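Any read-out appearing in this document is the output of simple, stated calculations on the displayed coordinates, not a laboratory observation. Keep in mind it's a predicted model, so treat the numbers as computed, not measured. Methodologically, a virtual Cβ is constructed for each residue, glycine included, from the backbone with ideal geometry; neighbour enumeration extends over all protein chains shown.
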Amino acid sequence: MSKVCEITGKKVISGNHVSHSLARVRRKFYPNLQKRRFYIAEEDRWITLNVSAKGIRIINRIGILAAMKSARKKGFM
C-alpha cells in the first residue's frame, strides 16, 4: 500500500529543506501512518487500515463505521 491514510487521505507532499545558509534542497514530508486493526462490532470482524494519527483520532471520535462511510464518500477508500 502506498503512503496514504485510508481515512483522511493524507499523503506524501514535497517541499524544501532550508539550511542555515538558506540553501534550498527538495525533500518529502511523510504523514504519520500506522497500520492498525479495528473491530467492527456490527459485522463481528476485524479490519486492518493504514491510518494517520489524525485518522485514529477521527475514528475514536465518530466511530469506525462512520469514518469508513465518510472516507468512501470522499474517495479515500
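The fewest-to-most ranking of V12, V25, V51 by surrounding Cβ atoms within 10 Å reads V25, V12, V51. Distance distribution note for the chain: the fraction of Cα pairs above 14 angstrom is 65%. Each of L65, L49 was scored by other Cβ atoms within 10 Å of its Cβ. Listed from fewest to most, they are L65, L49. For I7, the residues 5 or more places off, or on other chains, whose built amide H falls under 5 Å of its own are S52.
Angle, helix 64-74 long axis vs. longest principal axis of the chain, Cα atoms, 0 to 90°, nearest 10? So the inclination is approximately 60 degrees. For segment 1-39, list residues with backbone N below 17 Å from a point placed 7 Å from the Cα of N60 toward its Cβ? Flagged as within label range: 7-8, 32-39.
Taking the chain as the reference, fit the longest principal axis to its C-alpha atoms, fit the long axis of helix 53-62 to the helix C-alpha atoms, and give the angle between the two in degrees, 0 to 90, nearest 10. Helix 53-62 sits at roughly 30 degrees to that axis.
Excluding same-chain neighbours fewer than eight residues apart, the aspartates and glutamates reachable from K74 by a Cα-Cα span under 13 Å are E6. Among M68, M77, the ranking by other beta carbons within 10 Å of each residue's beta carbon, starting with the fewest, stands as M77, M68. With the helix formula -39500 (n - 2.57) applied to DSSP H stretches of n ≥ 4, the chain reaches a computed 222 nm mean residue ellipticity of -8000 deg cm²/dmol.
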